[in-house]
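In what follows, a single structure is set out as structure tokens and then discussed.
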Amino acid sequence: MSRRAELAANLESTRERIATACESAGRSIDDVHLIVVTKTYPASDVALLAELGVRDIGENRHPEAGRKAEEVADPSLRWHFVGALQTNKANQVARYADVVHSVDRVELAEKLGRGAELAGRTLTALVQVRLADTEGRAGAPAEQVATLADVIASQPHLELGGVMGVAPLGEDPRPSFDALRGLSEVVRTVEARATMISAGMSEDLEAAVAAGATHLRIGRAILGERPASSPASRCAR
Ligand SMILES: *Cc1c(COP(=O)(O)O)cnc(C)c1O
């Protein structure tokens with residue numbers, strides 16, 4: 001099978017899973033968007049996905065993400081930065097990312113806002129929430145979500161989009177996704193249009209749709225398993 005045919009088949013089965021999940025949850029398919037996470041895979045796969053109608057591409061590392069965006073150079077694609085982001089890389093990421101899902105601290109929000117200004121762009125920024133009660137996990141603790149949303153909303157070159165979360169590995173994701181939905185309400189008190197709930201990956205997309213996710217971030221179910229040795233293959237939880 002060609003790579004194109006493989007990606008087409010995986011896309012179709014993933015879209016079917018999403019449709020079934022929407023039906024079970026009594027939700028409209030139009031309210032649930034697919035972001036295909038292409039980390040560790042080449043720009044040629046992104047180009048094939050674009051041919052197959054995908055418009056939203058997710059990446060979790062700089063500079064890998066920037067190189068691919070430059071190589072594919074397709075203005076119809078939206079680039080979603082979903083990984084941990086160091087403050088000193090914010091300026092560079094602001095040049096190509098359209099949506100940054102991983103804003104989890106005030107300093108990063110400010111640097112990203114400044115980076116977007118320097119790049120002459122406006123980015124959508126999501127508050128990444130820590131979905132498990134463990135120190136060192138990615139995301140802002142629940143009690144900081146309102147403050148962070150305020151800071152993002154006050155940046156002229158950032159648009160507050162909503163919330164993002166990664167459910168803890170090997171646990172029932174439902175309590176985490178329910179908590180995320182609750183924090184989405186907190187963010188919407190800051191900005192009513194900030195309705196994005198970015199949640200759900202290859203393994204837990206059904207639970208995410210049931211809990212109200214609007215943006216699913218799917219990698220392996222479409223691209224295939226990533227080599228375990230690659231550091232980019234991991235997703236900070
Ligand atoms: C890799 C990654 C995904 C996609 O995960 P899959 O298990 O490949 O579907 C989603 N979100 C983030 C933050 C990631 O790093």
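Taking the Cα centroid of the stretch 165-206 and of the stretch 73-98, what is the distance between the two, rounded to the nearest whole Å? Rounded to whole Å, the Cα centres lie 21 Å apart. Under a 10 Å cutoff between Cα atoms, tell me which one of Arg78, Arg220, Arg193 has the largest fluctuation in the Gaussian network model of the chain. Result: Arg193 has the largest fluctuation of those listed. Could you give the DSSP H helices of the chain that reach 15 angstrom or more along their long axis (alpha carbon positions) and whose average Kyte-Doolittle hydropathy is no lower than -1.0? Those that pass (Cα extent of 15 Å or more, hydropathy at least -1.0) are 3-25, 106-119, 174-190.
Taking 22 Å as R0, compute the FRET efficiency from the Cβ-Cβ separation of Arg193 and Asp30 and round it to 0.05. Intermediate values should be presented prior to the final figure.
Details: r = 17 Å, r/R0 = 0.77.
Here the calculated transfer efficiency is 0.85.
At a Förster radius of 30 Å, what calculated FRET efficiency corresponds to the Cβ-Cβ distance of Thr147 and Asp74, to the nearest 0.05? Computed FRET efficiency for Thr147 and Asp74: 0.25.
Give the shape of the chain as rounded, prolate or oblate, defined through the alpha-carbon gyration tensor: a ≥ b ≥ c are the square roots of its eigenvalues, a/c under 1.5 means rounded, and otherwise the shape is prolate if a/b is larger than b/c and oblate if not. Judged from the Cα gyration tensor, the chain comes out oblate (a/c at least 1.5, b/c at or above a/b). Is the shape of the stretch 1-136 rounded, prolate or oblate, going by the alpha carbon gyration tensor and its root eigenvalues a ≥ b ≥ c, with a/c under 1.5 for rounded and a/b larger than b/c for prolate? Since a/c reaches 1.5 but b/c is at least a/b, the shape of the stretch 1-136 is classed as oblate. Between Arg174 and Arg95, what FRET efficiency comes out of the Förster formula 1/(1 + (r/R0)^6) with R0 = 45 Å and r the beta carbon distance, rounded to 0.05? Computed FRET efficiency for Arg95 and Arg174 comes out at 0.75.
Database remark: amide H of Val103 closer than 5 angstrom to the amide H of Leu126, Gln128 (H placed geometrically; neighbours at sequence offset of 5 or more, or on other chains; Pro and chain starts carry no H). Across Asp30, Asp74, Asp178, mean-square fluctuation computed from a Gaussian network of the chain (C-alpha pairs under 10 Å connected) peaks at Asp30.
Please tell me the relative contact order of the chain in percent, rounded to the nearest whole number, where contacts are Cα pairs under 8 Å and at least six residues apart. Write out the running numbers ahead of the final one.
Details: 452 pairs, mean separation 47.8, N = 237.
This gives 20 percent for the chain.
The GluC sites (Glu not before Pro) of the stretch 150-237 that DSSP puts in a loop, and whose beta carbon has at most 15 other beta carbons within 10 Å, are Glu171, Glu203, Glu225. Label-to-label distance, Arg234 versus Arg15, with points set 7 angstrom from Cα along the beta-carbon direction: 3.5 nm.
Which residues in the stretch 3-33 place their backbone N less than 12 Å from a point set 7 Å from the Cα of Leu52 along the Cα-to-Cβ direction? Residues passing the 12 Å test: 3-16. The distance from the alpha carbon centre of the stretch 5-58 to that of the stretch 107-164 is 25 Å, rounded to a whole number. Computed over the stretch 11-71, relative contact order equals 31 percent, with contacts defined as Cα pairs under 8 Å that lie 6+ residues apart.
Using only side-chain charges placed at the Cβ, +1 for Lys and Arg and -1 for Asp and Glu, the dipole size of the stretch 164-237 relative to its Cα centre rounds to 260 debye.
Rounded, prolate or oblate: pick one for the stretch 70-148, where a ≥ b ≥ c are the square roots of the eigenvalues of its C-alpha gyration tensor, a/c under 1.5 means rounded, and failing that, prolate if a/b is larger than b/c, else oblate. Numbers along the way, then the final one.
Details: a/c = 2.36, a/b = 1.78, b/c = 1.33.
The shape class here is prolate.
Laboratory data are not the source of any read-out in this text; all were calculated from the coordinates shown. Note that the structure is a prediction, hence the values are computed from the model and not measured. Cβ atoms come from the backbone with ideal geometry, glycine included; neighbour counts cover every protein chain shown.
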